[in-house]
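A quick write-up on the structure given underneath.
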Amino acid sequence: MSERSARPRPLVPVVLFLLVGGLIALRTGWNLNVPGHPELPGYGLHDFRDVFYYPAVAVLDGHNPYDPTVFRSTYPVARPLAPYAPTMLLLHLPLGLLPYQVAEWTHFTVNLTMVLVLAYLSLEACGLPTATAGVFGLGALILLGRPAHMTLYIGQCAAYLVAATYLALLLGERRPVLAGLALAVACAKPTFGIPLCAVMLARGDRAALVWGLGIAAVAGAVMVAVLAPAAGGLGPLVVSIRGSYARLMQDPSANAVSSIIRLDPVALIGRLLGGPVAESAATLAFIAAGTMAAWRITRTGGTDARLRSACVACVMILACMYHQSYDGLLLTLPLVALASGRLPGAPMTRALALVAMLVPLANYLATDTVVEALGMSGTARTFVGSVNGAALLLAFVAVTVLAVGRRGVERPLAANVVG
């Protein structure tokens with residue numbers, strides 16, 4: 001084989017990425033929600049409509065989007081606003097300035113681009129080549145998984161929150177201001193921000209943590225100052241935000257017992273043991289175990305300590321709190337680290353970690369569409385809805401064992417992001 005023929009052909013991965021992305025775009029457009037008619041079927045980009053676009057428009061119009069009565073009677077949405085932090089509204093204000101159909105496809109394009117960002121960050125963090133072929137090739141693989149497909153199809157925010165989480169974890173020591181800004185973005189979704197802050201504290205990323213919490217506090221204060229008058233005061237605003245959380249927990253798609261699209265082990269524990277006490281205890285146990293592992297990895301040192309603790313953090317964030325399938329994008333970094341040998345260890349443990357992390361990416365059975373089409377109910381439905389949680393529980397244990405057991409490695413990273 002000649003040297004020229006042995007060189008990677010960047011055109012092939014680019015074409016694959018565009019092909020898979022184009023197919024998702026076609027499906028999204030085929031099932032696109034009908035503007036102004038939320039009562040009509042069409043799940044394409046419906047989360048973007050209900051969760052990001054019209055809440056931002058409501059803020060620009062001087063309304064409180066957390067108030068379900070005002071929000072649903074004023075704007076063409078199908079559901080009340082979910083309990084995201086007010087900073088999530090700030091992030092999407094620019095899109096609220098655009099016409100709806102322009103905004104929704106702009107958001108789709110941003111999400112598609114962010115898949116390449118996730119691929120680049122994961123390769124860079126593991127010291128792998130970040131040429132066009134590698135980034136687009138990994139990006140195409142990411143698009144084949146259910147998390148990326150769901151993110152793009154319904155118009156969720158997982159892609160850029162995961163990118164922010166990676167930057168906060170990888171840059172926390174070397175570039176605290178940038179890491180802090182990324183942390184502030186991740187805090188727009190508390191199920192990302194809370195466990196991420198705990199890990200960064202355990203790793204000693206104090207400057208980045210202060211910057212992140214400071215930026216998030218300022219951004220949140222600005223949004224509260226904007227929203228409070230529309231809500232009738234600070235007290236009514238807090239009540240409306242708490243009410244949005246209560247409504248979310250009553251939704252069958254979010255409830256630990258009835259949901260089949262939640263992938264966190266906390267939901268699995270809620271099904272087995274029942275009650276919020278068991279779920280809260282599981283959340284605390286996962287956060288404690290993850291932060292202790294990050295602390296121990298940091299103490300043992302080695303140039304790959306930050307990567308190892310970041311891998312533990314990614315799986316822990318998914319395991320410890322409410323997450324749906326789209327948040328499975330967090331598994332990209334630990335999967336690349338495992339596949340590239342950055343998380344070496346016992347072959348059986350590595351195989352268990354690999355298979356367990358691939359399950360939520362490949363499990364297209366755990367969808368309402370498939371379950372209803374196959375007529376699943378009772379035990380079969382519960383089993384399908386529990387597979388992802390069980391897999392992530394095993395993944396957390398296996399990845400933690402691999403990361404903690406890899407002590408004091410002095411293998412240099414050829415990566416500018418990690419430094």
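Return the residues of segment 292-323 that are among the polar types (S, T, N, Q) and surrounded by fewer than 24 Cβ atoms within 10 Å (Cβ to Cβ); say none if nothing qualifies.
Once the filter is applied, which keeps residues that are among the polar types (S, T, N, Q) and surrounded by fewer than 24 Cβ atoms within 10 Å (Cβ to Cβ), segment 292-323 yields Thr298, Thr300, Thr303.
Taking the condition part of a loop (DSSP other than H, G, I, E, B), modelled with pLDDT of 95 or more and of a type in the set (A, V, I, L, M), does Leu138 pass? Quick ask: steps written out before the conclusion?
Working: part of a loop (DSSP other than H, G, I, E, B): no; modelled with pLDDT of 95 or more: yes; of a type in the set (A, V, I, L, M): yes.
When the stated conditions are applied, Leu138 does not pass them.
Look through Gly212, Gly180 and report the one residue that is in contact with a Phe, Trp or Tyr (Cβ under 6 Å, 6 or more places away or on another chain), modelled with pLDDT of 95 or more, more than 19 Å from Tyr245 (Cα to Cα) and not basic (Lys, Arg).
Of Gly212, Gly180, the one residue that is in contact with a Phe, Trp or Tyr (Cβ under 6 Å, 6 or more places away or on another chain), modelled with pLDDT of 95 or more, more than 19 Å from Tyr245 (Cα to Cα) and not basic (Lys, Arg) is Gly180.
Take the conditions modelled with pLDDT of 90 or more and either aliphatic (A, V, I, L, M) or surrounded by 13 or more Cβ atoms within 10 Å (Cβ to Cβ) (or both) and apply them to Ala267. Does it pass?
It is false that Ala267 is modelled with pLDDT of 90 or more and either aliphatic (A, V, I, L, M) or surrounded by 13 or more Cβ atoms within 10 Å (Cβ to Cβ) (or both).
Spot the failing condition for Leu181; the list is (1) over 30 Å from Pro344 (Cβ atoms); (2) crowded, with 21+ Cβ neighbours inside 10 Å; (3) hydrophobic (A, V, I, L, M, F, W, C), and only one is missed.
Status for Leu181: all satisfied but (2).
In segment 136-173, which residues are over 18 Å from the mean Cα position of the chain (by Cα) and closer than 26 Å to Ala184 by Cα?
Correct list: Leu171, Gly172, Glu173.
If you take the residues of segment 249-262 that are of a type in the set (A, V, I, L, M, F, W, C) and at pLDDT 70 or above, which of them is farthest from the chain's Cα centre (by Cα)?
Ile260
Of everything in segment 362-376 that's assigned to a loop (DSSP other than H, G, I, E, B) and of a type in the set (Gly, Ala, Ser), which residue is nearest to Ala391 (Cα to Cα)?
Ala366
Listed here are the residues, each with its yes/no results for (1) closer than 19 Å to Leu152 by Cα; (2) among the aromatic types (Phe, Trp, Tyr); (3) out of contact with any His (no Cβ under 9 Å at 6 or more places or on another chain).
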residue	(1), (2), (3)
Val14	yes, no, yes
Phe17	yes, yes, yes
Leu26	yes, no, yes
Gly36	no, no, yes
Leu40	no, no, yes
Val57	no, no, no
Pro65	no, no, yes
Pro76	no, no, no
Leu93	no, no, yes
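Yes or no: Ser280 assigned to a helix (DSSP H, G or I), of a type in the set (Gly, Ala, Ser) and either under 21 Å from Phe383 (Cα atoms) or free of Cβ contacts under 8 Å to residues at least 24 places away in the same chain (or both)?
The answer is yes for Ser280.
Select from segment 33-74 the residues that are surrounded by fewer than 18 Cβ atoms within 10 Å (Cβ to Cβ), in contact (Cβ under 8 Å) with a residue 24 or more places away in the chain and under 26 Å from the mean Cα position of the chain (by Cα) and write down the one among them that is farthest from Thr109 (Cα to Cα).
Among those residues, the one meeting the criterion is Pro68.
Among the listed residues Ala125, Ala133, which satisfies the condition of being farther than 22 Å from Ala188 by Cβ, surrounded by fewer than 23 Cβ atoms within 10 Å (Cβ to Cβ) and touching a Leu at 6+ places or on another chain (Cβ under 9 Å)?
That would be Ala133, the only listed residue that is farther than 22 Å from Ala188 by Cβ, surrounded by fewer than 23 Cβ atoms within 10 Å (Cβ to Cβ) and touching a Leu at 6+ places or on another chain (Cβ under 9 Å).
Can you find even one residue in segment 164-173 that is closer than 19 Å to Arg27 by Cα, surrounded by 23 or more Cβ atoms within 10 Å (Cβ to Cβ), at pLDDT 95 or above and not hydroxyl-bearing (Ser, Thr, Tyr)?
Checked segment 164-173: no residue is closer than 19 Å to Arg27 by Cα, surrounded by 23 or more Cβ atoms within 10 Å (Cβ to Cβ), at pLDDT 95 or above and not hydroxyl-bearing (Ser, Thr, Tyr).
The values are calculated or read from the model by the stated rules, or taken from the named source; none is laboratory data. From a predicted model like this one, the values you see are computed outputs, not experimental measurements. Here the Cβ is made from the backbone with ideal geometry for all residues, glycine too, and neighbour counts use every protein chain on show.
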